[in-house]
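The values are calculated or read from the model by the stated rules, or taken from the named source; none is laboratory data. Predicted model only: the values in this text are computed from it and were never measured. Calculation scope for accessible area: heavy atoms of the full protein, side chains included, ligands and nucleic acids excluded. Shrake-Rupley method; radii C 1.70, N 1.55, O 1.52, S 1.80 Å.
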Amino acid sequence: TEVRVERMLAGTSRSPSDIVCIVPPNLVEITVEKVAVNAVMAGCRPEYLPVVLAGLEAVCTDEFNMHGVIATTMPVGPVFIVNGPITSEIDMNAGINVLGQGNRANSTIGRAVQLIVRNVGGGLPGGIDRAAHGNPGKLGMCFPERESDSPWGPLATDRGFKAGQNTITAFAGEGPRILFDQISRTPESLTASLAEGLKATISPRLAMMFDAVLVLCPEHAARYADAGWTKEQFLAELHQHLEFDADDILRGSGDIAEGVPEAFAGTRLPKFNPAGGLMVVHAGGDAGLFSSVIGGWVNGATGSVPVTKEIIR
């Protein structure tokens, strides 16, 4: 209704007629008012609107390549990670069930962006959207980092922003997968264990093609905090474990046709690009030795690059 849309528009200082961006796949200009309409239908509160606007701007960039994310048969969609004081101000959940249901902000911000891409941009399943299976996250996936007791700085600072800035990072990802380790009590053991699980992201026989997000649970993060490890130390050690002997995963090796091309024979390959191909986020409940990995779509110029935008009220 007009009343609900007007109430939603009160959540931003931007004019209702301002053009936010051009929405793929049909390349339609969208105003703040049209964003508000879809935010109402998604169940957002007015105070969520600046986050929705920033998230939409992030996915409607050439770098993120939303058209490609929609059109690929791979089951990926936008995953949003929010940093900054706004996460507490709008009561987002960074703790128990962080990637699940039960929190209005978490559940509706990503949903609003997906509705805009469908209703305004024309990205309809079975039309431009050709995902072979899709995943539940394509309904809308958004969560905040648990910054308050993280042993490390927030993702936003890794992405070039200052601590305390309100940001949203868009990542083209699949559904989360559990990384299980309830026994490791040293950072060395846990790092090696996490690496074994991470090697299977998307495919255990492919390297360098895909980025990922590691959602490190507080109990796992505590192993590194107790040992005084920095995030840089953790990532350096992790990437050492995330290397393959290419001969083990060449196409045809082990009687499996899938794998890396023969041109890589005799080399060692990193699973992820050591320069930012694996983003680390601290989130989850106090109890439970379960971290998660969210695998990505093809990276680089032919796929999607994560995009971070500042949230402007």
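The figures follow:
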read-out: Whether the stretch 15-64 is rounded, prolate or oblate, judged on the alpha carbon gyration tensor where a/c under 1.5 counts as rounded; value: prolate
read-out: Surface accessible to a 1.4 Å probe, Val40 within the full protein complex, Å²; value: 40 Å²
read-out: Highest-MSF residue in the chain out of Gly277, Gly140, Gly100 [GNM, Cα springs under 10 Å]; value: Gly100
read-out: Cα centroid of the stretch 209-240 to Cα centroid of the stretch 75-146, whole Å; value: 24 Å
read-out: Volume of the Cα convex hull of the stretch 215-313, divided per residue and given in Å³; value: 168 Å³
read-out: Cα gyration tensor category, rounded, prolate or oblate, for the stretch 78-205 with a/c compared to 1.5; value: oblate
read-out: Probe 1.4 Å - accessible area at Arg4, Å² to nearest ten; value: 140 Å²
read-out: For Leu206, solvent-accessible area (1.4 Å; no DNA, RNA or ligand), Å²; value: 20 Å²
read-out: Kirkwood-Stokes translational diffusion coefficient of the stretch 64-126, alpha-carbon pairs, 10 °C, 1.306 mPa s, µm²/s; value: 119 µm²/s
read-out: Accessible area of the chain belonging to carbon and sulfur atoms, whole % at 1.4 Å probe; value: 52 percent
read-out: Solvent exposure ordering (accessible area, 1.4 Å, most first) of Thr302, Thr191; value: Thr302, Thr191
read-out: DSSP beta bridge pairing in the chain, given as percent antiparallel to the nearest 5; value: 70 percent
read-out: Accessible area (Å², per residue) of the stretch 175-305, counting only protein heavy atoms and a probe of 1.4 Å; value: 44 Å²
read-out: The stretch 22-103 shape via C-alpha gyration tensor axes, a/c threshold 1.5; value: oblate
read-out: Mean projected area (nm²) of the alpha-carbon convex hull when the stretch 133-174 is viewed from all directions; value: 3.8 nm²
read-out: At 1.567 mPa s and 4 °C, Stokes diffusion of the stretch 145-221 via Kirkwood alpha-carbon radius, µm² per second; value: 89 µm²/s
read-out: Computed Kirkwood radius, in angstrom, where 1/r is averaged over Cα pairs of the chain; value: 20.1 Å
read-out: Entries in Lys199/Lys231; Lys231/Lys271; Lys34/Lys309; Lys271/Lys309 that, when Cα-Cα distance is taken, lie over 24 Å; value: Lys271/Lys309
read-out: Solvent exposure, largest accessible area first (probe 1.4 Å, DNA, RNA and ligands not counted), of Ser17, Ser184; value: Ser17, Ser184
